[in-house]
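Visitor: My questions will all concern the structure given below.
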Amino acid sequence: MSFINRHIINIISVLAVCVISSMLLEACNLTDSARLKEEDYREQGIALMQAGKYNEAATMLQMGLDQSVGFVTDLDVDICYYRAAALFAAGDTDEALAVYDNIIDYDEKDWRAYYLRGTVYLLSADMTNAVLDYDTAISLDEKDADLYIQIYENIKETDLNKAQEYLDKGAEAGDDDPCAMGYIYYLKGNTDSALTLLQDAADENNPRACYYLGQIYIILGNYTDALNIVNKGLYAASADASGSFLKYLKWLQVVCYEYTGDFERAKSLISDYVELYPEDPLAVRENTFLQTR
């Protein structure tokens, strides 16, 4: 994003110290009622996060975790990722880092925890620990080209040379995903190879490839081509049950219409976008700008 990054500190989360210690006691099953309560607290916590009420969200998510006893479940871990994100967004960096430590203690092979903890370190101006965690994440998921892209996007403004090193490693990763590899080639300056890989994937109605291509065409000044490929991606994304990239393509469609000079169409689309995604502050600002043109 890159999308998985800034369109995420993606969802950070972890187990609080007091929670994980209680969950590592003797195993026992969650009752159906307790699990339903935990799921309900999770949904309420996510809703509070989307409303920007991060302290309340962290409290609500902790209430969900309090329903679990005995052993860690997949639901517990999922809630913990959201809770850590809420804690960090609320400005409680120390607690977010502490819970990352705990989730890593629980599962030292979970590359996500290292990546997310590294990102918290980075945003706390601790580049040394950020790089250590990023390198550990890569060692656990070394074929994932997306991970290299995310790290590059995270640190490029802090240390462009170091960011470039991650891109170089990503190009050598051997990932068979044409979208991720195509985007890496583009970031490394090999536009022709990037366009070839991404166009082939877009021809297969891959929404992600269309998103990347749209961004590249905009940067190259090919706004009509950008709009065409974004519209193609939106059609493909609408048919995708997971809805992956629908939000990002909708945003890019607004940008395309702005660049082509069709401000009326952009104004209409941004209004629809803000209705769907009211938590997006950039979209709210853009909507205000377009409505006053």
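Visitor: Taking interchain pairs and intrachain pairs at least six residues apart, which have beta carbon atoms under 6 angstrom, with the first residue in segment 256-275 and more than 10 Å from LEU227 (Cβ to Cβ) and free of Cβ contacts under 8 Å to residues at least 40 places away in the same chain and the second small (Gly, Ala, Ser) and open to solvent by less than 30 Å² (accessible area, probe 1.4 Å)?
Guide: Sorted first by the residue in segment 256-275, then by its partner, the pairs are GLU258/ALA266; TYR273/ALA283; VAL274/ALA283.
Visitor: Considering every residue within segment 69-86, establish whether at least one is of a type in the set (D, E, K, R), assigned to a helix (DSSP H, G or I), under 26 Å from GLU39 (Cβ atoms) and within 16 Å of the chain's Cα centre (by Cα).
Guide: yes
Visitor: Only one of these is touching a helix residue (DSSP H, G or I) at 6+ places or on another chain (Cβ under 7 Å), of a type in the set (Phe, Trp, Tyr) and within 26 Å of ILE103 (Cβ to Cβ): TYR211, TYR185, TYR152. Name it.
Guide: TYR152
Visitor: Exactly one condition in (1) over 22 Å from LEU220 (Cβ atoms); (2) modelled with pLDDT of 90 or more is false for TYR152; which is it?
Guide: Status for TYR152: all satisfied but (1).
Visitor: Name the single residue that is least open to solvent (accessible area, probe 1.4 Å) among those in segment 234-264 being more than 23 Å from the chain's Cα centre (by Cα) and of a type in the set (Phe, Trp, Tyr).
Guide: The qualifying residue least open to solvent (accessible area, probe 1.4 Å) is TYR257.
Visitor: Would you check if there is a residue in segment 104-117 being more than 17 Å from the chain's Cα centre (by Cα), open to solvent by 50 Å² or more (accessible area, probe 1.4 Å) and within 28 Å of GLN50 (Cβ to Cβ)?
Guide: Yes.
Visitor: Also: Could you check how many residues of segment 46-64 are in contact with a Leu (Cβ under 7 Å, 6 or more places away or on another chain) and either β-branched (Val, Ile, Thr) or open to solvent by less than 20 Å² (accessible area, probe 1.4 Å) (or both)?
Guide: Selection size over segment 46-64: 2.
Visitor: Scan segment 239-250 residue by residue and report those that are at pLDDT 90 or above and among the hydrophobic types (A, V, I, L, M, F, W, C).
Guide: Once the filter is applied, which keeps residues that are at pLDDT 90 or above and among the hydrophobic types (A, V, I, L, M, F, W, C), segment 239-250 yields only LEU249.
Visitor: Which of the residues that make up segment 217-233 are surrounded by fewer than 21 Cβ atoms within 10 Å (Cβ to Cβ) and of a type outside the set (Lys, Arg)?
Guide: ILE218, ILE219, LEU220, GLY221, ASN222, TYR223, THR224, ASP225, ASN228, ASN231
Visitor: For segment 45-63, give me each residue that is more than 14 Å from CYS80 (Cβ to Cβ), in a helix (DSSP H, G or I) and of a type in the set (A, V, I, L, M, F, W, C).
Guide: If the condition is that a residue be more than 14 Å from CYS80 (Cβ to Cβ), in a helix (DSSP H, G or I) and of a type in the set (A, V, I, L, M, F, W, C), then ALA47, LEU48 are the ones that fit.
Visitor: Give the residue, chosen from TYR121, TYR106, that is touching a residue at least 60 places away in the same chain (Cβ under 8 Å), of a type outside the set (A, V, I, L, M) and out of contact with any strand residue (DSSP E or B) (no Cβ under 7 Å at 6 or more places or on another chain).
Guide: Numbers: TYR121 fails: touching a residue at least 60 places away in the same chain (Cβ under 8 Å).
Every option except TYR106 fails the conditions.
Visitor: Quick one: in segment 118-135, of everything that is of a type in the set (D, E, K, R) and in a helix (DSSP H, G or I), which residue is most open to solvent (accessible area, probe 1.4 Å)?
Guide: ASP135
Visitor: For segment 74-100, enumerate the residues that are of a type outside the set (A, V, I, L, M) and closer than 30 Å to LEU160 by Cβ.
Guide: TYR81, PHE88, GLY91, THR93, ASP94, TYR100
Visitor: Please work out if ALA236 is in contact with a helix residue (DSSP H, G or I) (Cβ under 9 Å, 6 or more places away or on another chain), modelled with pLDDT of 90 or more, assigned to a helix (DSSP H, G or I) and of a type in the set (Gly, Ala, Ser).
Guide: No, not satisfied.
Visitor: With the condition being open to solvent by 30 Å² or more (accessible area, probe 1.4 Å) and touching a residue at least 24 places away in the same chain (Cβ under 8 Å), I'd like the helices (runs of 4 or more DSSP H) fully within segment 136-195 carrying at least 2 qualifying residues.
Guide: Once the helices (runs of 4 or more DSSP H) in segment 136-195 are filtered for at least 2 residues that are open to solvent by 30 Å² or more (accessible area, probe 1.4 Å) and touching a residue at least 24 places away in the same chain (Cβ under 8 Å), what remains is 160-171, 178-187.
The values are calculated or read from the model by the stated rules, or taken from the named source; none is laboratory data. On a predicted model such as this, the values are computed, not experimentally measured, just so you know. Every residue, glycine among them, receives a Cβ derived from its backbone with ideal geometry; neighbour counts consider all protein chains shown. What goes into the accessible areas is simple: the full protein's heavy atoms, side chains included, and nothing from ligands, DNA or RNA. Shrake-Rupley method; radii C 1.70, N 1.55, O 1.52, S 1.80 Å.
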